[in-house]
Ligand code: GAL
Ligand code: ZN
């Protein structure tokens, strides 16, 4: 894993650059990302380009042997542009226009924004596209972050209607698919359809889901226009995006198809714990078809944007780096080189403190680099995964729109299964549920909510190939338009399971356990009714009137668990694989026949036990 850093030369006096660059090189860093927020600095007024300073920054980095990752600046269009063409700004759901002063305030659909993006990216790529210094382009910055994908402007309304026309042959088909008869919501024509604007109570979930899909597509289309420019003007360079994978706003698999390489911004303090961080590394790999991902921004110390911004104990930054390396990350850049003296992120740590003296993160980054260079190659080679976890953005959206139990999320379901795999020493591929699943030993489908023929076919093919498939609660419940199926659940698989979901319940009390594992059931519970003789009930509920009812059932290679706490998944997966899971707080990897443990309770890395 190569190490680098994010640097903002435009925020520091040029007299300081040489010292910074020399320190970066001496720290063993190999790449530096620059430029992604500097639009106004190189185009202070329309078509009045000022490239000289950026030329010098690029040259200095190159002269020191550092690779440049150049960001396109479309997350922070300058204020002069918004004044000239206010239609680039996003509109909130209440109809108010979002104002300048922050970032990601632009509408991904707006023809003016698209035009200006292409114009600036083309200018940037003409200048640096063939520079030997620039090996990689970062396209935009955190597309869709800060919930910026959904916009309620007029351009979006029109584009949404066009998007619906392409999806449904007639408006009658749309009304049918959406169940618009419910509450008299029948849309008289495509031109009458409105974005989900604030109303009295909930909107039709079908409309909400369509809006999320549409918004994601708009972001991807806007990125595509940049990619076209970069591919033409900067041949042979890698294209990369950096996503915040803590939420699911844009279908990043679509982005991966566009760029072939996906990165993520790794801020463990914004995650729910170390297993969530490990999951994000694995998710990121899955977004670009197994291509080793990048961490484009790595937390180097405390951050400024969580509710509490706790301290980062000594040893933590190094271990975050090792975790990324063990999950197969190819390149990791720390964010940021030096803590900012002004602007919105003054309490965010850098590798250097505000006064340019080294912060603790720098020493750990240096040590990490030395350790990685000294490590046996086999330790850093991720073997092919035997376990896959299915993950799809539309499931995340459908469960967010209609969670049944406030606070329960798609992510929590997926994480429970991923924690189980980590504690059982399994590398995990996070995969598209419609892809080929037949090469794995075990496929976990912890949150496969929407039921499409392609998903059922993929799971069926895996079962036919001898793969063990485990589905979780709320599996295969609704169709592709978010309407409940008209058949026993899990849809498409109940006959094969020899059992069906009898009740889909919430479990808000925390009192219901699962026997024989003797662990809590979790917050969403499905209770099975068994109707075939050869079904094995692997576990039952234990608590109140649920006591004795089937919680986990199996028939052949198909297993269904209606209880989905991390503890249930861990016990179940340990049984299925025949391994003793590690305690909570430990991640286990097998590298070249050696057991490697990351113990997050003690911040230690143990090799070869
Ligand atoms: C990321 C963003 C960076 C910086 C960082 C702070 O979301 O891409 O520009 O804001 O967070 O942690
Ligand atoms: Zn818009």
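Report the semi-axes of the equivalent ellipsoid for the chain in whole Å, largest first, where each axis is √(5λ) for an eigenvalue λ of the Cα gyration tensor.
42, 33, 20
Given labels modelled 7 Å from the Cα in the Cβ direction, how far is it in nm from residue 59 to residue 346?
Simple spin-label model gives 3.5 nm for this pair.
So for the pair residue 503, residue 592, with labels modelled 7 Å out along Cα→Cβ, what separation do we get in nm?
Taking the simple label geometry, residue 503 and residue 592 are separated by 5.4 nm.
Full extension from residue 291 to residue 183: what is 0.36 nm times the residue separation minus their Cα-Cα distance, to one decimal in nm?
Full-extension gain reported as 34.2 nm.
Before rounding to the nearest 500, sum -39500 (n - 2.57) across all DSSP H runs of length at least 4 in the chain and divide by the residue total; then give [θ] at 222 nm in deg cm²/dmol.
Calculated mean residue ellipticity at 222 nm is -10500 deg cm²/dmol.
When the Cα centres of region 553-609 and region 222-276 are compared, how far apart do they sit, in Å?
A separation of 29 Å, based on Cα centres.
Any chance you could run the full-extension gain for residue 221 through residue 370? It's 0.36 nm times the residue separation minus the Cα-Cα distance, nm to one decimal.
The residue 221-residue 370 span can extend by a further 49.5 nm.
For helix 566-577, what angle does its Cα long axis make with the longest principal axis of the chain, in degrees from 0 to 90 and rounded to 10?
70
Using the beta-carbon distance between residue 238 and residue 363 and R0 = 30 Å, what value does 1/(1 + (r/R0)^6) give for FRET efficiency, to the nearest 0.05?
Using R0 = 30 Å, I get an efficiency of 0.50.
Can you work out the FRET efficiency for the pair residue 606 and residue 465, with r the C-beta to C-beta distance and R0 = 35 Å, to the nearest 0.05?
0.45
Between residue 575 and residue 386, how many nm apart are label points set 7 Å from Cα along the C-beta direction?
Here the answer is 1.9 nm between the modelled labels.
Could you calculate the FRET efficiency of residue 202 with residue 147 from 1/(1 + (r/R0)^6), where r is the beta carbon distance between them and R0 is 30 Å, rounded to 0.05?
That pair, residue 202 with residue 147, gives E of 0.95.
Where does helix 360-374 land angle-wise versus the long Cα axis of the chain, in degrees 0 to 90, nearest 10?
It is inclined by approximately 70 degrees.
Given axes a ≥ b ≥ c from the Cα gyration tensor, I'd like to know whether region 387-576 is rounded (a/c under 1.5), prolate (a/b larger than b/c) or oblate.
Verdict is rounded for region 387-576.
What Kirkwood hydrodynamic radius do you get for region 404-514 when you take the inverse of the mean 1/r over all pairs of distinct Cα atoms, in Å?
Hydrodynamic radius (Kirkwood, Cα pairs) of region 404-514 is 15.0 Å.
In percent, what relative contact order does the chain have, based on Cα pairs under 8 Å that are 6 or more apart in sequence?
Relative CO of the chain lands at 10 percent.
Multiply the residue gap between residue 485 and residue 304 by 0.36 nm, knock off their C-alpha separation, and tell me the result in nm, one decimal place.
60.7 nm
Between the helical axis of 154-167 and the dominant principal axis of the chain, each derived from Cα atoms, what acute angle in degrees is found, rounded to the nearest 10?
40
In whole Å, what are the extents of region 154-194 along the principal axes defined by its C-alpha atoms, from largest to smallest?
Largest first, region 154-194 extends 28, 19, 12 Å along its Cα principal axes.
Just to be sure I understand: of the beta bridges DSSP finds with both ends in region 304-453, what percent are antiparallel, rounded to 5?
10
None of the figures in this text is laboratory data; all of them are computed from the coordinates on show. Note that the structure is predicted; figures quoted are calculated from it, not measured. Virtual Cβ from ideal backbone geometry, glycine too; neighbours counted across all protein chains shown.
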